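Trainee: Sharing a structure with you now.
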Amino acid sequence: MATKRQTPVLVLAFGLLICTAAADASKFVRPPSRPLVTTLHSKADSHPQQVHISAVGMDGMAISYVTEDKTVPSLVEYGRAPGKYSHSATGESTSYKFFFYSSGKIHYVRIGPLEPTTVYYYRCGGAGDEFSFKTPPAALPVEFVVIGDLGQTEWTAATLAQVNRSDYDMLLLPGDLPYADMHQPRWDSFGRFVEPYASRRAWMVTEGNHEIESLPVVGPRPFLAYDARWRMPYGESSSSSNLYYSFDVAGGSVHVLMLGSYAEFGPSSDQRRWLEADLAKVDRSRTPWLVVLLHAPWYNTNSAHQGEGEEMRKALEELLYRARVDIVFAGHVHAYERFKRIYDNAADPCGPLHVTIGDGGNREGLADNFQRQHKTAPLSEFREASFGHGRLRVVNGTHARWSWHRNDDSFSVLRDDVWVESLSRSSSCNPPRGPSPPSAAAAWSDEL
Ligand SMILES: [Fe+2]
(Lines give C-alpha, C1' and ligand atoms only; values in the text may rest on other atoms or scores of the structure.)
Protein backbone atom coordinates (compact mmCIF):
# COMPACT_ATOMS: atom_id res chain seq x y z
CA MET A 1 0.00 0.00 0.00
CA ALA A 2 1.35 3.51 -0.79
CA THR A 3 2.17 5.83 2.10
CA LYS A 4 1.28 9.56 1.97
CA ARG A 5 4.92 10.37 1.09
CA GLN A 6 4.92 7.81 -1.71
CA THR A 7 1.65 8.97 -3.22
CA PRO A 8 2.96 12.06 -5.12
CA VAL A 9 5.81 9.96 -6.48
CA LEU A 10 3.37 7.33 -7.72
CA VAL A 11 1.12 9.97 -9.26
CA LEU A 12 4.14 11.48 -11.03
CA ALA A 13 5.25 8.06 -12.25
CA PHE A 14 1.74 7.25 -13.45
CA GLY A 15 1.59 10.61 -15.23
CA LEU A 16 4.89 9.92 -16.92
CA LEU A 17 3.61 6.50 -17.97
CA ILE A 18 0.57 8.08 -19.62
CA CYS A 19 2.73 10.74 -21.28
CA THR A 20 5.12 8.08 -22.54
CA ALA A 21 2.26 5.99 -23.91
CA ALA A 22 0.75 9.06 -25.58
CA ALA A 23 4.10 10.02 -27.04
CA ASP A 24 4.59 6.49 -28.35
CA ALA A 25 1.15 6.52 -29.94
CA SER A 26 1.78 9.91 -31.55
CA LYS A 27 5.03 8.62 -33.07
CA PHE A 28 3.06 6.26 -35.25
CA VAL A 29 2.92 7.60 -38.77
CA ARG A 30 -0.07 6.14 -40.55
CA PRO A 31 1.19 4.43 -43.69
CA PRO A 32 -0.18 4.97 -47.19
CA SER A 33 -1.63 2.19 -49.35
CA ARG A 34 0.83 -0.32 -50.70
CA PRO A 35 0.81 -2.00 -54.12
CA LEU A 36 -0.96 -5.20 -55.07
CA VAL A 37 0.94 -8.43 -54.86
CA THR A 38 0.37 -10.71 -57.84
CA THR A 39 1.16 -14.32 -57.03
CA LEU A 40 1.84 -16.32 -60.16
CA HIS A 41 1.69 -20.05 -60.84
CA SER A 42 4.88 -21.30 -62.45
CA LYS A 43 4.41 -25.05 -62.12
CA ALA A 44 2.72 -27.57 -64.40
CA ASP A 45 -1.00 -27.28 -65.14
CA SER A 46 -1.56 -30.51 -63.20
CA HIS A 47 0.11 -29.12 -60.07
CA PRO A 48 -2.46 -28.39 -57.31
CA GLN A 49 -2.53 -24.74 -56.26
CA GLN A 50 -4.64 -22.34 -54.17
CA VAL A 51 -4.99 -24.88 -51.35
CA HIS A 52 -7.17 -23.82 -48.44
CA ILE A 53 -9.10 -25.65 -45.75
CA SER A 54 -12.27 -25.15 -43.73
CA ALA A 55 -13.67 -27.05 -40.76
CA VAL A 56 -16.66 -29.32 -41.40
CA GLY A 57 -18.55 -30.53 -38.35
CA MET A 58 -16.63 -31.31 -35.20
CA ASP A 59 -14.09 -33.69 -36.72
CA GLY A 60 -13.87 -33.04 -40.44
CA MET A 61 -11.96 -30.75 -42.77
CA ALA A 62 -12.75 -29.70 -46.33
CA ILE A 63 -9.73 -29.27 -48.61
CA SER A 64 -10.11 -26.98 -51.63
CA TYR A 65 -7.59 -26.68 -54.44
CA VAL A 66 -7.42 -25.74 -58.10
CA THR A 67 -5.74 -27.38 -61.08
CA GLU A 68 -5.52 -25.98 -64.59
CA ASP A 69 -5.47 -29.57 -65.84
CA LYS A 70 -9.07 -30.84 -65.81
CA THR A 71 -7.97 -34.50 -65.67
CA VAL A 72 -6.49 -34.24 -62.16
CA PRO A 73 -8.67 -36.19 -59.69
CA SER A 74 -10.41 -34.67 -56.65
CA LEU A 75 -8.34 -36.69 -54.24
CA VAL A 76 -6.70 -35.92 -50.90
CA GLU A 77 -4.30 -38.33 -49.22
CA TYR A 78 -3.47 -37.67 -45.59
CA GLY A 79 -1.90 -39.05 -42.43
CA ARG A 80 -0.24 -38.11 -39.18
CA ALA A 81 3.37 -38.43 -40.35
CA PRO A 82 5.08 -36.59 -43.21
CA GLY A 83 4.94 -38.55 -46.46
CA LYS A 84 2.88 -41.37 -44.96
CA TYR A 85 -0.68 -41.10 -46.15
CA SER A 86 -2.68 -43.73 -44.31
CA HIS A 87 -6.02 -42.35 -45.48
CA SER A 88 -7.48 -40.87 -48.62
CA ALA A 89 -10.76 -39.38 -49.71
CA THR A 90 -12.29 -38.35 -52.98
CA GLY A 91 -14.58 -35.39 -53.46
CA GLU A 92 -16.11 -33.33 -56.20
CA SER A 93 -15.19 -30.46 -58.46
CA THR A 94 -16.68 -27.51 -60.25
CA SER A 95 -15.62 -24.74 -62.61
CA TYR A 96 -17.21 -21.58 -63.94
CA LYS A 97 -17.06 -19.11 -66.77
CA PHE A 98 -17.06 -15.36 -66.23
CA PHE A 99 -17.42 -13.60 -69.56
CA PHE A 100 -14.16 -14.49 -71.36
CA TYR A 101 -12.55 -16.11 -68.32
CA SER A 102 -12.69 -19.86 -67.62
CA SER A 103 -11.68 -21.06 -64.20
CA GLY A 104 -9.50 -24.07 -63.53
CA LYS A 105 -10.92 -27.22 -62.00
CA ILE A 106 -11.92 -26.29 -58.44
CA HIS A 107 -11.72 -29.36 -56.22
CA TYR A 108 -13.52 -29.89 -52.91
CA VAL A 109 -12.69 -32.93 -50.78
CA ARG A 110 -13.90 -33.65 -47.27
CA ILE A 111 -11.67 -35.72 -45.02
CA GLY A 112 -12.12 -37.21 -41.56
CA PRO A 113 -12.91 -38.16 -38.92
CA LEU A 114 -9.86 -36.38 -37.53
CA GLU A 115 -8.42 -36.19 -34.04
CA PRO A 116 -8.59 -32.78 -32.33
CA THR A 117 -5.47 -30.64 -31.83
CA THR A 118 -3.53 -32.89 -34.17
CA VAL A 119 -1.22 -32.14 -37.07
CA TYR A 120 -2.08 -33.92 -40.33
CA TYR A 121 0.05 -34.03 -43.44
CA TYR A 122 -1.70 -34.11 -46.80
CA ARG A 123 -1.29 -34.04 -50.53
CA CYS A 124 -3.82 -33.01 -53.17
CA GLY A 125 -4.60 -34.57 -56.54
CA GLY A 126 -2.31 -37.55 -56.05
CA ALA A 127 0.80 -35.45 -56.61
CA GLY A 128 2.32 -32.12 -55.83
CA ASP A 129 3.46 -30.49 -52.60
CA GLU A 130 2.86 -31.79 -49.12
CA PHE A 131 0.92 -29.52 -46.79
CA SER A 132 0.04 -29.83 -43.12
CA PHE A 133 -2.65 -28.44 -40.86
CA LYS A 134 -3.57 -28.55 -37.21
CA THR A 135 -7.13 -29.45 -36.25
CA PRO A 136 -9.01 -27.25 -33.76
CA PRO A 137 -9.26 -28.37 -30.12
CA ALA A 138 -12.19 -30.44 -28.83
CA ALA A 139 -12.59 -28.22 -25.77
CA LEU A 140 -11.69 -24.76 -24.51
CA PRO A 141 -9.40 -22.87 -24.67
CA VAL A 142 -9.50 -21.96 -28.34
CA GLU A 143 -7.93 -19.01 -30.15
CA PHE A 144 -9.44 -17.34 -33.20
CA VAL A 145 -7.74 -14.85 -35.47
CA VAL A 146 -10.28 -12.37 -36.82
CA ILE A 147 -9.34 -10.36 -39.87
CA GLY A 148 -11.55 -8.61 -42.41
CA ASP A 149 -11.22 -6.91 -45.79
CA LEU A 150 -8.01 -8.74 -46.52
CA GLY A 151 -7.08 -8.06 -50.13
CA GLN A 152 -3.68 -8.97 -51.51
CA THR A 153 -1.35 -6.03 -51.06
CA GLU A 154 2.02 -5.69 -49.43
CA TRP A 155 0.13 -4.63 -46.31
CA THR A 156 -1.87 -7.85 -46.42
CA ALA A 157 1.40 -9.78 -46.66
CA ALA A 158 2.74 -7.98 -43.59
CA THR A 159 -0.48 -8.58 -41.63
CA LEU A 160 -0.57 -12.30 -42.46
CA ALA A 161 3.10 -12.70 -41.57
CA GLN A 162 2.33 -11.16 -38.17
CA VAL A 163 -0.71 -13.42 -37.73
CA ASN A 164 1.55 -16.40 -38.33
CA ARG A 165 4.07 -15.39 -35.68
CA SER A 166 1.77 -16.51 -32.88
CA ASP A 167 -0.18 -19.75 -32.93
CA TYR A 168 -3.95 -19.90 -33.26
CA ASP A 169 -6.61 -22.49 -34.01
CA MET A 170 -8.92 -21.00 -36.63
CA LEU A 171 -9.22 -17.86 -38.76
CA LEU A 172 -12.54 -16.02 -39.08
CA LEU A 173 -12.97 -13.58 -41.97
CA PRO A 174 -16.02 -11.26 -42.13
CA GLY A 175 -15.95 -10.65 -45.87
CA ASP A 176 -14.06 -8.99 -48.75
CA LEU A 177 -11.39 -11.49 -49.64
CA PRO A 178 -9.39 -10.86 -52.85
CA TYR A 179 -10.87 -7.56 -54.12
CA ALA A 180 -11.04 -9.22 -57.52
CA ASP A 181 -13.89 -6.93 -58.57
CA MET A 182 -14.72 -8.99 -61.67
CA HIS A 183 -11.08 -9.41 -62.71
CA GLN A 184 -11.09 -13.18 -62.20
CA PRO A 185 -7.34 -13.85 -62.33
CA ARG A 186 -7.15 -11.94 -59.05
CA TRP A 187 -9.11 -14.78 -57.41
CA ASP A 188 -6.41 -17.17 -58.59
CA SER A 189 -3.66 -14.85 -57.43
CA PHE A 190 -5.36 -14.49 -54.03
CA GLY A 191 -5.71 -18.27 -53.68
CA ARG A 192 -1.97 -18.62 -54.20
CA PHE A 193 -1.21 -15.61 -52.00
CA VAL A 194 -3.04 -16.99 -48.93
CA GLU A 195 -2.16 -20.66 -49.49
CA PRO A 196 0.75 -20.72 -47.01
CA TYR A 197 -1.71 -19.65 -44.28
CA ALA A 198 -5.06 -21.04 -45.42
CA SER A 199 -3.63 -24.52 -45.98
CA ARG A 200 -2.42 -24.67 -42.34
CA ARG A 201 -5.47 -23.55 -40.36
CA ALA A 202 -9.17 -23.66 -41.08
CA TRP A 203 -10.32 -20.41 -42.66
CA MET A 204 -14.01 -19.73 -42.09
CA VAL A 205 -15.30 -16.86 -44.19
CA THR A 206 -18.47 -14.99 -45.01
CA GLU A 207 -19.11 -12.76 -47.97
CA GLY A 208 -18.52 -9.04 -48.47
CA ASN A 209 -19.72 -6.66 -51.16
CA HIS A 210 -16.56 -7.26 -53.21
CA GLU A 211 -17.64 -10.88 -53.63
CA ILE A 212 -20.93 -9.99 -55.40
CA GLU A 213 -19.36 -9.41 -58.85
CA SER A 214 -22.56 -9.07 -60.82
CA LEU A 215 -23.88 -6.49 -63.27
CA PRO A 216 -27.57 -5.76 -63.83
CA VAL A 217 -29.05 -7.57 -66.84
CA VAL A 218 -25.74 -8.91 -68.21
CA GLY A 219 -24.89 -10.87 -65.05
CA PRO A 220 -23.35 -13.21 -64.15
CA ARG A 221 -25.21 -14.35 -61.06
CA PRO A 222 -23.94 -12.78 -57.81
CA PHE A 223 -21.25 -14.64 -55.86
CA LEU A 224 -20.47 -16.99 -58.75
CA ALA A 225 -16.72 -17.06 -58.12
CA TYR A 226 -17.01 -16.83 -54.33
CA ASP A 227 -19.40 -19.78 -54.07
CA ALA A 228 -17.27 -21.92 -56.38
CA ARG A 229 -13.97 -21.15 -54.70
CA TRP A 230 -14.82 -20.61 -51.03
CA ARG A 231 -17.49 -23.17 -50.32
CA MET A 232 -18.31 -23.23 -46.63
CA PRO A 233 -20.07 -26.04 -44.72
CA TYR A 234 -23.51 -24.41 -44.85
CA GLY A 235 -25.49 -27.62 -45.23
CA GLU A 236 -24.22 -28.87 -41.85
CA SER A 237 -26.16 -26.07 -40.15
CA SER A 238 -29.28 -26.62 -42.29
CA SER A 239 -28.63 -23.46 -44.28
CA SER A 240 -29.56 -23.55 -47.95
CA SER A 241 -26.99 -20.90 -48.89
CA ASN A 242 -23.22 -20.52 -48.84
CA LEU A 243 -23.88 -16.91 -47.82
CA TYR A 244 -24.91 -17.73 -44.22
CA TYR A 245 -24.22 -20.69 -41.98
CA SER A 246 -23.05 -21.63 -38.49
CA PHE A 247 -20.70 -24.08 -36.84
CA ASP A 248 -19.53 -25.25 -33.44
CA VAL A 249 -15.97 -25.03 -32.15
CA ALA A 250 -14.29 -26.53 -29.09
CA GLY A 251 -16.82 -29.28 -28.53
CA GLY A 252 -19.72 -26.89 -28.92
CA SER A 253 -18.46 -24.38 -26.34
CA VAL A 254 -18.43 -21.72 -29.05
CA HIS A 255 -21.16 -21.39 -31.67
CA VAL A 256 -20.16 -19.12 -34.55
CA LEU A 257 -22.80 -17.67 -36.87
CA MET A 258 -21.69 -16.34 -40.24
CA LEU A 259 -24.42 -14.00 -41.48
CA GLY A 260 -24.87 -12.63 -44.99
CA SER A 261 -25.02 -8.86 -45.30
CA TYR A 262 -25.78 -9.33 -49.01
CA ALA A 263 -28.37 -12.09 -48.73
CA GLU A 264 -32.04 -11.37 -48.03
CA PHE A 265 -32.66 -10.76 -44.33
CA GLY A 266 -36.25 -9.46 -44.23
CA PRO A 267 -39.11 -10.94 -42.17
CA SER A 268 -39.95 -13.67 -44.69
CA SER A 269 -36.40 -14.34 -45.88
CA ASP A 270 -34.71 -17.72 -45.75
CA GLN A 271 -31.83 -16.20 -43.81
CA ARG A 272 -34.11 -14.95 -41.06
CA ARG A 273 -35.97 -18.26 -40.81
CA TRP A 274 -32.67 -20.12 -40.70
CA LEU A 275 -31.25 -17.73 -38.08
CA GLU A 276 -34.26 -18.12 -35.80
CA ALA A 277 -34.10 -21.90 -36.05
CA ASP A 278 -30.33 -21.96 -35.55
CA LEU A 279 -30.44 -19.79 -32.43
CA ALA A 280 -33.33 -21.83 -31.02
CA LYS A 281 -31.14 -24.94 -31.13
CA VAL A 282 -28.38 -23.39 -29.02
CA ASP A 283 -28.29 -24.61 -25.43
CA ARG A 284 -26.39 -21.92 -23.53
CA SER A 285 -25.62 -24.28 -20.63
CA ARG A 286 -23.59 -26.33 -23.12
CA THR A 287 -22.57 -23.45 -25.39
CA PRO A 288 -21.48 -20.48 -23.29
CA TRP A 289 -20.22 -18.44 -26.25
CA LEU A 290 -22.20 -17.09 -29.18
CA VAL A 291 -20.18 -15.20 -31.77
CA VAL A 292 -21.55 -13.57 -34.94
CA LEU A 293 -19.72 -12.34 -38.04
CA LEU A 294 -21.16 -10.21 -40.83
CA HIS A 295 -19.74 -7.74 -43.30
CA ALA A 296 -21.44 -4.33 -43.07
CA PRO A 297 -21.24 -3.11 -39.44
CA TRP A 298 -24.42 -2.34 -37.54
CA TYR A 299 -22.55 0.18 -35.42
CA ASN A 300 -20.02 2.46 -37.05
CA THR A 301 -18.89 6.02 -36.32
CA ASN A 302 -16.67 6.18 -39.40
CA SER A 303 -17.79 8.27 -42.38
CA ALA A 304 -16.98 5.30 -44.61
CA HIS A 305 -20.04 3.13 -45.30
CA GLN A 306 -22.02 5.13 -42.78
CA GLY A 307 -25.46 3.60 -42.20
CA GLU A 308 -25.02 0.74 -44.68
CA GLY A 309 -25.68 -1.93 -42.05
CA GLU A 310 -28.72 -0.15 -40.61
CA GLU A 311 -31.40 -2.05 -42.52
CA MET A 312 -29.97 -5.40 -41.45
CA ARG A 313 -29.58 -4.17 -37.87
CA LYS A 314 -33.24 -3.21 -37.72
CA ALA A 315 -34.22 -6.58 -39.17
CA LEU A 316 -32.11 -8.91 -37.05
CA GLU A 317 -30.69 -7.14 -34.00
CA GLU A 318 -33.51 -8.17 -31.69
CA LEU A 319 -32.96 -11.85 -32.51
CA LEU A 320 -29.30 -11.63 -31.57
CA TYR A 321 -30.08 -9.63 -28.44
CA ARG A 322 -32.65 -12.10 -27.14
CA ALA A 323 -30.27 -14.96 -27.80
CA ARG A 324 -27.66 -13.07 -25.73
CA VAL A 325 -25.03 -13.09 -28.48
CA ASP A 326 -21.70 -12.17 -26.91
CA ILE A 327 -19.77 -10.53 -29.76
CA VAL A 328 -20.55 -9.30 -33.29
CA PHE A 329 -17.57 -8.86 -35.64
CA ALA A 330 -17.95 -6.84 -38.85
CA GLY A 331 -15.66 -5.69 -41.65
CA HIS A 332 -16.33 -3.33 -44.58
CA VAL A 333 -14.95 -0.21 -42.89
CA HIS A 334 -11.18 -0.19 -43.29
CA ALA A 335 -10.37 0.60 -39.72
CA TYR A 336 -10.71 -0.82 -36.21
CA GLU A 337 -13.53 0.14 -33.85
CA ARG A 338 -14.86 -1.44 -30.64
CA PHE A 339 -18.07 -0.44 -28.94
CA LYS A 340 -19.41 -0.99 -25.46
CA ARG A 341 -22.11 -3.61 -25.11
CA ILE A 342 -24.91 -2.10 -27.09
CA TYR A 343 -28.49 -2.71 -28.20
CA ASP A 344 -30.72 -0.46 -30.29
CA ASN A 345 -28.20 2.41 -30.23
CA ALA A 346 -27.95 2.48 -26.43
CA ALA A 347 -25.52 1.00 -23.94
CA ASP A 348 -26.97 -2.27 -22.69
CA PRO A 349 -25.17 -4.77 -20.43
CA CYS A 350 -27.04 -7.65 -22.12
CA GLY A 351 -26.21 -6.59 -25.68
CA PRO A 352 -23.29 -7.88 -27.74
CA LEU A 353 -19.90 -6.26 -27.99
CA HIS A 354 -19.66 -4.86 -31.53
CA VAL A 355 -16.24 -4.80 -33.20
CA THR A 356 -15.32 -3.59 -36.69
CA ILE A 357 -12.17 -5.24 -37.95
CA GLY A 358 -12.02 -4.36 -41.65
CA ASP A 359 -8.34 -3.51 -41.56
CA GLY A 360 -6.62 -6.54 -43.09
CA GLY A 361 -4.69 -4.62 -45.74
CA ASN A 362 -6.78 -4.17 -48.88
CA ARG A 363 -5.87 -2.00 -51.88
CA GLU A 364 -8.42 0.74 -51.13
CA GLY A 365 -6.49 2.02 -48.12
CA LEU A 366 -7.68 3.09 -44.68
CA ALA A 367 -10.85 4.89 -43.60
CA ASP A 368 -9.57 7.54 -41.22
CA ASN A 369 -12.53 9.89 -40.83
CA PHE A 370 -14.27 9.03 -37.58
CA GLN A 371 -17.22 11.26 -36.73
CA ARG A 372 -16.91 12.77 -33.26
CA GLN A 373 -20.52 13.95 -33.34
CA HIS A 374 -21.99 10.60 -34.36
CA LYS A 375 -24.89 9.58 -32.11
CA THR A 376 -23.11 6.39 -31.03
CA ALA A 377 -19.67 8.04 -30.60
CA PRO A 378 -20.04 8.05 -26.79
CA LEU A 379 -20.44 4.25 -26.98
CA SER A 380 -17.34 3.75 -29.12
CA GLU A 381 -14.56 2.75 -26.76
CA PHE A 382 -11.65 2.39 -29.18
CA ARG A 383 -11.25 3.42 -32.80
CA GLU A 384 -8.21 3.72 -34.97
CA ALA A 385 -7.62 3.67 -38.72
CA SER A 386 -4.66 1.32 -39.03
CA PHE A 387 -4.05 -2.08 -40.55
CA GLY A 388 -3.98 -5.00 -38.14
CA HIS A 389 -5.66 -8.17 -36.94
CA GLY A 390 -7.66 -9.33 -33.94
CA ARG A 391 -7.45 -12.34 -31.68
CA LEU A 392 -10.25 -13.83 -29.62
CA ARG A 393 -8.93 -16.27 -27.08
CA VAL A 394 -11.86 -18.03 -25.42
CA VAL A 395 -10.26 -19.17 -22.19
CA ASN A 396 -13.17 -20.92 -20.50
CA GLY A 397 -16.94 -20.86 -20.21
CA THR A 398 -16.97 -17.44 -18.62
CA HIS A 399 -14.04 -15.41 -19.94
CA ALA A 400 -12.46 -14.55 -23.28
CA ARG A 401 -9.72 -12.09 -24.16
CA TRP A 402 -10.11 -9.89 -27.20
CA SER A 403 -7.07 -8.08 -28.52
CA TRP A 404 -6.34 -5.94 -31.56
CA HIS A 405 -2.81 -5.89 -32.95
CA ARG A 406 -1.82 -2.96 -35.09
CA ASN A 407 0.35 -3.77 -38.05
CA ASP A 408 3.45 -1.56 -37.86
CA ASP A 409 5.03 -3.35 -40.81
CA SER A 410 7.65 -5.58 -39.24
CA PHE A 411 6.16 -5.14 -35.75
CA SER A 412 2.84 -6.15 -34.30
CA VAL A 413 1.75 -3.69 -31.63
CA LEU A 414 -0.93 -4.60 -29.11
CA ARG A 415 -3.28 -1.60 -29.14
CA ASP A 416 -6.56 -2.81 -27.68
CA ASP A 417 -6.96 -5.53 -25.08
CA VAL A 418 -10.12 -6.34 -23.14
CA TRP A 419 -11.58 -9.25 -21.23
CA VAL A 420 -15.09 -10.28 -22.18
CA GLU A 421 -17.51 -12.13 -19.92
CA SER A 422 -19.96 -14.56 -21.45
CA LEU A 423 -23.56 -13.36 -21.24
CA SER A 424 -24.71 -16.94 -20.75
CA ARG A 425 -23.60 -16.83 -17.11
CA SER A 426 -24.96 -13.38 -16.36
CA SER A 427 -27.76 -13.65 -13.82
CA SER A 428 -29.02 -10.17 -14.69
CA CYS A 429 -29.28 -11.00 -18.41
CA ASN A 430 -30.93 -14.38 -18.03
CA PRO A 431 -33.90 -15.73 -16.08
CA PRO A 432 -33.12 -16.83 -12.53
CA ARG A 433 -31.83 -20.37 -12.15
CA GLY A 434 -34.01 -23.04 -10.56
CA PRO A 435 -37.73 -23.70 -10.79
CA SER A 436 -39.79 -20.92 -12.30
CA PRO A 437 -43.54 -20.41 -12.29
CA PRO A 438 -44.99 -21.89 -15.50
CA SER A 439 -46.00 -18.48 -16.81
CA ALA A 440 -42.49 -17.04 -16.39
CA ALA A 441 -40.87 -20.06 -18.05
CA ALA A 442 -43.28 -19.79 -20.97
CA ALA A 443 -42.56 -16.08 -21.32
CA TRP A 444 -38.82 -16.75 -21.48
CA SER A 445 -39.09 -19.53 -24.04
CA ASP A 446 -41.33 -17.26 -26.10
CA GLU A 447 -38.59 -14.64 -26.02
CA LEU A 448 -36.02 -17.10 -27.28
FE1 LIG B 1 -16.76 -4.24 -48.01
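The values are calculated or read from the model by the stated rules, or taken from the named source; none is laboratory data. Keep in mind it's a predicted model, so treat the numbers as computed, not measured. Here the Cβ is made from the backbone with ideal geometry for all residues, glycine too, and neighbour counts use every protein chain on show.
Trainee: Among residues belonging to region 118-140 that are over 21 Å from the mean Cα position of the chain (by Cα) and in a loop (DSSP other than H, G, I, E, B), point out the one that is surrounded by the most Cβ atoms within 10 Å (Cβ to Cβ).
Mentor: Once the filter is applied, the top-ranked residue is Gly125.
Trainee: Under 6 Å between Cβ atoms, at least 6 apart or on separate chains: pull out the pairs that start in region 277-303 with a residue that is within 14 Å of the ligand (Cβ to nearest atom) and end on any residue that is hydroxyl-bearing (Ser, Thr, Tyr).
Mentor: Here the result reads Leu293/Thr206; Leu294/Ser261; His295/Ser261; Ala296/Ser261; Pro297/Thr356, each pair linking region 277-303 to a residue that is hydroxyl-bearing (Ser, Thr, Tyr).
Trainee: Also, quick follow-up: Only strands (runs of 3 or more DSSP E) wholly contained in region 69-117 count here; list those with 2 or more residues that are surrounded by fewer than 18 Cβ atoms within 10 Å (Cβ to Cβ) and without any contact (Cβ under 8 Å) to a residue 60 or more places away in the chain.
Mentor: 87-90
Trainee: Considering each residue of region 141-161, count those that are more than 16 Å from the ligand (Cβ to nearest atom) and either acidic (Asp, Glu) or surrounded by fewer than 22 Cβ atoms within 10 Å (Cβ to Cβ) (or both), and give that number.
Mentor: So the answer is 6.
Trainee: Scan Gly331, Gly365 and give me the residue that is within 14 Å of the ligand (Cβ to nearest atom), assigned by TED's automatic domain parsing to the domain that holds Val142 and out of contact with any Asp or Glu (no Cβ under 7 Å at 6 or more places or on another chain).
Mentor: After applying the criteria, what remains is Gly365.
Trainee: All but one of (1) surrounded by fewer than 17 Cβ atoms within 10 Å (Cβ to Cβ); (2) more than 16 Å from the ligand (Cβ to nearest atom) hold for Leu353; state the number of the condition that does not hold.
Mentor: That leaves (1) as the condition not met.
Trainee: Collect the residues in region 236-258 that are outside any loop (DSSP other than H, G, I, E, B) and either more than 17 Å from Ala280 (Cα to Cα) or of a type in the set (A, V, I, L, M) (or both), keeping them in residue-number order.
Mentor: Listed by number, the residues that qualify are Val249, Val254, Val256, Leu257, Met258.
Trainee: Against the definition (within 18 Å of the chain's Cα centre (by Cα), modelled with pLDDT of 95 or more and not in a loop (DSSP other than H, G, I, E, B)), how does Glu337 come out, yes or no?
Mentor: It is true that Glu337 is within 18 Å of the chain's Cα centre (by Cα), modelled with pLDDT of 95 or more and not in a loop (DSSP other than H, G, I, E, B).
Trainee: Any idea which residue in region 151-162 is nearest to Gln184 (Cα to Cα), counting only those that are out of contact with any Phe, Trp or Tyr (no Cβ under 7 Å at 6 or more places or on another chain) and among the β-branched types (Val, Ile, Thr)?
Mentor: The qualifying residue nearest to Gln184 (Cα to Cα) is Thr153.
Trainee: Of the conditions (1) more than 16 Å from the chain's Cα centre (by Cα); (2) within 16 Å of the ligand (Cβ to nearest atom); (3) outside any loop (DSSP other than H, G, I, E, B), Ala315 fails just one. Which one is it?
Mentor: (2)
Trainee: So for region 427-439 (the condition being at pLDDT 90 or above, hydroxyl-bearing (Ser, Thr, Tyr), under 23 Å from Arg322 (Cα atoms) and surrounded by 12 or more Cβ atoms within 10 Å (Cβ to Cβ)), does at least one residue qualify?
Mentor: no
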